[in-house]
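Colleague: Sending over a structure as structure tokens; questions will come in a sec.
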Amino acid sequence: MSKAVFCIAQNIDHAESIVNDLNAAGFSHSDISVLFPDKSTTQDFAHEKNTKAPEGAAIGGTVGFGTGGALGLLAGIGALAIPGVGPFIAAGPLMGALSGAAVGAAAGSLTGALIGLGIPEYEAKRYEGKIKGGSALISVHTTSSEEVDKAKKIFEQAHAEDISSTGEASV
């Protein structure tokens, strides 16, 4: 059983706190993803940004986070731009999925990309609105119902919003 558990953190600091809690509970950095808007053109938390033009609707890149915060430890950190939606920072398995096939099929829509990852449409639309408003989407990959419950409990204790889980789509 492979499921992803999702939540919305109110801001980047809240997201970092939740990621720390997930790590402390035994979730691997490689199983945690975070997606948030790049409202500051990454200057506040990045010191290197390189972009390339891959196929599809996204622009991939790498972002080196400063001072080694929890988000900086996640795998695959990068900047991506979704035409018509704007620039985002993504980390973890979500980065690869969003910069690949899911976004290409989404015709420039974050909602479409999230649906491509297996998130139901009504939740994806709600997530897009909150992410564009400055919140962060956190996702954690789980392999058992115990891990799903543990992740949801961490999200609830951190007062995260819109907590849900879904079977993971292969990308």
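The values are calculated or read from the model by the stated rules, or taken from the named source; none is laboratory data. Remember, it's a predicted structure, so these values are computed and weren't measured experimentally. Note that each Cβ is placed from the backbone with ideal geometry, even for glycine, and that neighbours are counted across all protein chains shown. These area figures cover heavy atoms from the full protein model, side chains too; ligands, DNA and RNA do not enter into them. Shrake-Rupley method; radii C 1.70, N 1.55, O 1.52, S 1.80 Å.
Colleague: Within the range 154-163, identify whether any single residue is acidic (Asp, Glu), out of contact with any Ser or Thr (no Cβ under 8 Å at 6 or more places or on another chain) and over 16 Å from GLN10 (Cβ atoms), and answer yes or no.
Modeller: In the first step, residues of the range 154-163 are kept if they are acidic (Asp, Glu); the result is 156, 161-162.
Checking the rest, the ones that are also out of contact with any Ser or Thr (no Cβ under 8 Å at 6 or more places or on another chain) come to 156, 162.
Then keep just the ones that are over 16 Å from GLN10 (Cβ atoms); that gives none.
Checking the range 154-163: not a single residue is acidic (Asp, Glu), out of contact with any Ser or Thr (no Cβ under 8 Å at 6 or more places or on another chain) and over 16 Å from GLN10 (Cβ atoms).
Colleague: Under the condition of being open to solvent by less than 60 Å² (accessible area, probe 1.4 Å) and either free of Cβ contacts under 8 Å to residues at least 60 places away in the same chain or acidic (Asp, Glu) (or both), which residue from the range 139-166 is nearest to LYS3 (Cα to Cα)?
Modeller: GLU147
Colleague: Follow-up. Any idea which of (1) among the aliphatic types (A, V, I, L, M); (2) touching a residue at least 40 places away in the same chain (Cβ under 8 Å); (3) outside any loop (DSSP other than H, G, I, E, B); (4) within 15 Å of ILE8 (Cβ to Cβ) is the one ALA124 doesn't satisfy?
Modeller: So ALA124 meets the others, but not (2).
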